[in-house]
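What follows is a short report on a single structure.
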2 protein chains.
Amino acid sequence: MTVESSAVLGERTVTPDAQVDRSAGVTAPAGFRAAGVIAGIKPAGKPDLTVVVNDGPSYAAAGVFTTNKVKAAPVLWSQQVLTAGKLKAVVLNSGGANACTGPEGFQDTHKTAEKLAEVLGVGAAEIGVCSTGLIGERLPMDKLLPGIEAAVDALGNEPAHGLAAATAVMTTDNVPKQAVLKHPGGWSIGGFAKGAGMCAPNMATMLSVITTDAIVDQPHLDHALRNAVGKTFNRLDVDGGTSTNDTVLLLSSGASGVTVPADEFEAALTALAADLVKQLQADAEGVTKHVSITVQNAATEAEAVAAAKIVAEDNLCKTAFFASDPNWGRIAMAVGNAPTAFDPSLLDITLNGAAICVAGGKGVDRSEADLSGPEIDVVIDLHAGDASATVLTTDLSHAYVEENSAYSS
Amino acid sequence: MTVESSAVLGERTVTPDAQVDRSAGVTAPAGFRAAGVIAGIKPAGKPDLTVVVNDGPSYAAAGVFTTNKVKAAPVLWSQQVLTAGKLKAVVLNSGGANACTGPEGFQDTHKTAEKLAEVLGVGAAEIGVCSTGLIGERLPMDKLLPGIEAAVDALGNEPAHGLAAATAVMTTDNVPKQAVLKHPGGWSIGGFAKGAGMCAPNMATMLSVITTDAIVDQPHLDHALRNAVGKTFNRLDVDGGTSTNDTVLLLSSGASGVTVPADEFEAALTALAADLVKQLQADAEGVTKHVSITVQNAATEAEAVAAAKIVAEDNLCKTAFFASDPNWGRIAMAVGNAPTAFDPSLLDITLNGAAICVAGGKGVDRSEADLSGPEIDVVIDLHAGDASATVLTTDLSHAYVEENSAYSS
C-alpha cells in the first residue's frame, strides 16, 4: 500500500516515493536482529516468544503505554527502564498478560529481563518486556526462561526473522502484522503489531515494536512516537476496551548513518503506524466490515475524536453496520450522546457517499446508501468548527460474540 | 415482588407491607383512565397508540427527559408544556420516534396534542406527547389523528385498560411492563414502561408513565421523580445508547384524598420504578443473563456509577457473561478504564459470591464462580471510599446481534 491510501488517519506529508509495504518488518532497518520461537507458554504449542535486539551503534528508544489504571507488570517495568531513553533489546511473550499478578508477577518480569540481559551480556535496565494473553495468571517461568535462550540462538536479520517475531506475539490474531517503509534517503522504519480484541488503544495499541536505522536523537524520537501514535493507534477502536498491556516501543539503531530531520521522521513513522493500524482493523475479532468514522467541522480535534469514538463503540451502530443497514438514526443517537458541542438541526451524515441525513433530518433515500461491501465510510458533519478526525472500527457480528464467548482471553 | 427484593437499586425505606405487584398499572390509582389501540401507525397492525387521562381533581405532573442532544419532537414539546407543572393527559405512539424530523416533525407533535385536547375539551398545553420507534421518519398523521379519537372512545379505568396502554407503547419489547404499589394508607402508584434496546436511560428511560392518586404538591412530585429516576431508570444500562426519546412522566390526580409526606411518597415511587426497571432488564434485547454490577467503597457515588457503567457497557465483559465465563480479568480491565480513583493493588472482584480477584490478583479458583444460571452478581470493591452503587445490565448474546441487525429501529 502507498502512504497516500492511509492518509485518512491524519494529515501528514511524506516524500511521495517513500512507500509502506508489508514485505518485511522489524529486521528491515540496519542494526536489528529478531526471532520468534515456541517456548511452550501457550498450551497449543504455537510460537509464543519474541526477541528483538538492537545492535547499535545508537540505542535511543521511546515507548507509549496503556492509560488503563490496571497496568500489567511488563508495562510497569518497561515504563521504568525507558526513563533512561534507551533499549538494547525487547522480549515479548504471548500466552499470558502477566497482569493482576501482584508483586510476584513483577518479579517474573524482572527475571525475564535479567535472563535476556545475561544471555546478551548487557544490563537488565536496557531490556524492554511486553506480555499479552489471559489476565490474572502467572507466567510459566520454567518455560519462558529457557525460551529466551532458544530465541537468542535463533536471532537473525532476514525478513523471515522479522516475520517470526511478528508471529510469536499473536493471540486471537489470525495473521501476523508487519510493515516497512524504505526511505529513498537511505534509511528505513519497520515494525510489527498484534491485537484483535480488547482493542481501543489509548497512548498505545496492544503490542507493537517499531525499529529504525535513522539517526534521530531521543527527545525527537519520543516526540515523533507520541504524535504518530496519537494519530494512528489511538484512532482504532474495535470494542472500547483499552487493555492492561498496551505498549508501542520504538528502537533506533542509527545504523544507516543518515541523520533524518524530525518532521520527516515523524511523517514516515506515522505512515508506517497507520499501515499497522489498518492491519489491526482488518484482523479484528469477528470483523466483516471495515468502518471508518470521520467527524468533520467539530469545535476541537478532541471533540471530533470523542464523537467518532462514541459511534465506533455503539453496539446499535455496529450491529447495523454488520447488517449493511444505513440506519443513520442510530448514528444520530450516538453522536447526540457525545461530549461534543453542536446544533442537532445542522447535523449531516453521509454513508458511503450518500447524504442520508441533511440538516438534522432525512436526506436522500436509504436505498442510495450501499453498505453491502466490506468498506463503510461514515462522515458526520457537526458544523460546529473546523476540526476533523477519523476513527477506524469494525462491525459487531455473530463471530465477535462467538469468539469472545468461546475464548477466555 | 416485594419492595425488599428491589432494594439493590438504591437505599430507601418503604412501609414494609407496601408491596409492588404487576397485576395492574396506570389505571390502578383513582382518577385515571387509559386506553391502547391499533391506529395503523405500525405496518403490522399491532397496538400502537396509548392515551392516559387524569380526571383530577389535581393535575400536578413532573417529567424527566433524555440528556441526548438530539431530542425528538415530542421530548421538546413535553418539556415545554411541563414548565407549567401540570398535565391532563398523555398520548404516546409506537411505530415512529418522530426524531430528526425537523420543524415538520414538531408540527406533527403539536397537531397530536391539539387533537387530543380538542376531543377531551382541554387545552393543548395540558397534553404530554411521547413517541418511540424508528428515528428519521415522519409519523403517518392520517392514521395517528383518527387513532386518538378511537383511543378516547376506548378509555376506561379497569386493569385491562392499563394493560392495553402498556401494550401499545411496545417496540422490540416482548412483554408489556407495568407495576402497581397499593399503599395501606389508602393511596397508590401505578405505571408502565417500555424499552428493550438503545437503553441506557439518563434522566429517564425509554418511555414510562406513572400515575398516583396521592396528594403531593408539584415541587415535591418533581423532586421525588428526579430522585427516584436517578436511583432506578438511570441505573439500567443495556447497551450504552441513551435514546433521543427517553421520557418518564408522573401524573397525580389527588383522587385518593390522602396527603402523603414527601419522603414516604418518594420511597414508594422509587420501589415502583425499581420494579419497572427490573422488567426492562428482564426483557432486554437478546438477554440471557440478568447482570447486576455493584461497585463498593468508591470515593463518590458518581464514581461508583461510572465504574459500574463502564463494566456494564464493555462487550468483552458482556460476552463473557453470555458464556457463563468467570473472566474477572476483563472486569479488571474495564474498571481500570473508568474515571474512578482507586489503587489497583487493592481491587477485589466477587462473582456470584466467589472472591475470584483479591487485592488485585487471583483469588479463589475460577471453578468456584458458578455463572451458569440466569442471574450474575458482580461485586467490585475499590477500597477507595465508602460510596456504592448498583447498575443493572445484560449479556451480549447472539440474539442481541440478530435482533439489532435484522430490525431497523
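The values are calculated or read from the model by the stated rules, or taken from the named source; none is laboratory data. This one's a predicted model, so the numbers in the text were calculated from it and none came from an experiment. Reconstructed Cβ throughout: ideal geometry from the backbone, glycine too, with neighbour counts over all protein chains shown.
Taken over segment A:208-250, the residue count meeting the criterion of being among the small types (Gly, Ala, Ser) and within 14 Å of another protein chain (Cβ to nearest Cβ) is 3. Restricting attention to segment A:92-114, does a residue exist that is crowded, with 22+ Cβ neighbours inside 10 Å and closer than 13 Å to residue A:248 by Cα? Taking every residue of segment A:92-114 in turn, at least one turns out to be crowded, with 22+ Cβ neighbours inside 10 Å and closer than 13 Å to residue A:248 by Cα.
If you go through segment B:302-313 one residue at a time, how many are assigned to a helix (DSSP H, G or I) and facing chain A (nearest Cβ under 10 Å)?
Residues of segment B:302-313 assigned to a helix (DSSP H, G or I): B:302-312.
When the remaining residues are screened for being facing chain A (nearest Cβ under 10 Å), the result is B:310.
Here the count works out to 1.
Among the residues making up segment A:382-409, those that are within 14 Å of chain B (Cβ to nearest Cβ), surrounded by fewer than 24 Cβ atoms within 10 Å (Cβ to Cβ) and not hydrophobic (A, V, I, L, M, F, W, C) are A:383, A:397, A:398, A:402, A:403, A:405, A:407, A:408, A:409. Go through the residues of segment B:165-182 one by one and say whether even a single one is at pLDDT 95 or above and assigned to a loop (DSSP other than H, G, I, E, B). There is at least one residue in segment B:165-182 that is at pLDDT 95 or above and assigned to a loop (DSSP other than H, G, I, E, B).
Criterion first (within 12 Å of chain A (Cβ to nearest Cβ) and either more than 15 Å from residue B:377 (Cα to Cα) or among the β-branched types (Val, Ile, Thr) (or both)) does residue B:324 satisfy it? For residue B:324, the condition - within 12 Å of chain A (Cβ to nearest Cβ) and either more than 15 Å from residue B:377 (Cα to Cα) or among the β-branched types (Val, Ile, Thr) (or both) - is not met.
Could you tell me which of the residues B:274, B:282, B:320 is free of Cβ contacts under 8 Å to residues at least 12 places away in the same chain and either in the same structural domain as residue B:234 (by TED's automatic domain parsing) or farther than 19 Å from residue A:243 by Cβ (or both)? Let's see the steps before the verdict.
Working: B:274 fails: free of Cβ contacts under 8 Å to residues at least 12 places away in the same chain; B:320 fails: either in the same structural domain as residue B:234 (by TED's automatic domain parsing) or farther than 19 Å from residue A:243 by Cβ (or both).
That would be B:282, the only listed residue that is free of Cβ contacts under 8 Å to residues at least 12 places away in the same chain and either in the same structural domain as residue B:234 (by TED's automatic domain parsing) or farther than 19 Å from residue A:243 by Cβ (or both).
Annotation note: of A:336, A:363, the sole residue that is buried (at least 17 other Cβ atoms within 10 Å of the Cβ), facing chain B (nearest Cβ under 9 Å) and either in contact with a Phe, Trp or Tyr (Cβ under 7 Å, 6 or more places away or on another chain) or not hydrophobic (A, V, I, L, M, F, W, C) (or both) is A:336.
Any chance you could count how many residues in segment B:253-297 are outside any loop (DSSP other than H, G, I, E, B) and farther than 26 Å from residue B:173 by Cβ? Talk me through it step by step, then tell me what you get.
First, the residues of segment B:253-297 that are outside any loop (DSSP other than H, G, I, E, B): B:259, B:262-282, B:290-297.
Adding the requirement that they be farther than 26 Å from residue B:173 by Cβ leaves B:259, B:262-267, B:294-297.
Number of matching residues: 11.
Residues in segment B:153-173 that are farther than 13 Å from residue B:23 by Cα and within 17 Å of the chain's Cα centre (by Cα): B:165, B:167, B:168, B:169, B:170, B:171, B:172, B:173. Only strands (runs of 3 or more DSSP E) whose full extent lies in segment A:51-137 are considered here, and the ones with at least 1 residues that are within 14 Å of chain B (Cβ to nearest Cβ) and of a type in the set (A, V, I, L, M, F, W, C) are A:61-65. Answer with yes or no whether residue A:288 is closer than 23 Å to residue A:318 by Cα and either free of Cβ contacts under 8 Å to residues at least 24 places away in the same chain or surrounded by fewer than 19 Cβ atoms within 10 Å (Cβ to Cβ) (or both). Considered against the rule, which asks whether it is closer than 23 Å to residue A:318 by Cα and either free of Cβ contacts under 8 Å to residues at least 24 places away in the same chain or surrounded by fewer than 19 Cβ atoms within 10 Å (Cβ to Cβ) (or both), residue A:288 comes out as yes.
Here is a yes/no grid of residues against (1) out of contact with any Asp or Glu (no Cβ under 8 Å at 6 or more places or on another chain); (2) surrounded by fewer than 22 Cβ atoms within 10 Å (Cβ to Cβ):
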{"site": "A:125", "(1), (2)": "yes, yes"}
{"site": "A:141", "(1), (2)": "no, yes"}
{"site": "A:150", "(1), (2)": "yes, yes"}
{"site": "A:174", "(1), (2)": "no, yes"}
{"site": "A:178", "(1), (2)": "yes, no"}
{"site": "A:187", "(1), (2)": "no, no"}
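Looking at A:307, A:268, A:262, which one is in contact (Cβ under 8 Å) with a residue 40 or more places away in the chain and either at positive phi or outside the structural domain of residue A:20 (by TED's automatic domain parsing) (or both)? Reasoning before the result, please.
Details: A:268 fails: either at positive phi or outside the structural domain of residue A:20 (by TED's automatic domain parsing) (or both); A:262 fails: either at positive phi or outside the structural domain of residue A:20 (by TED's automatic domain parsing) (or both).
None of the other options fit; the residue is A:307.
The residue list A:377, A:381 contains one member that is in contact (Cβ under 8 Å) with a residue 60 or more places away in the chain and within 26 Å of the chain's Cα centre (by Cα), which is A:377.
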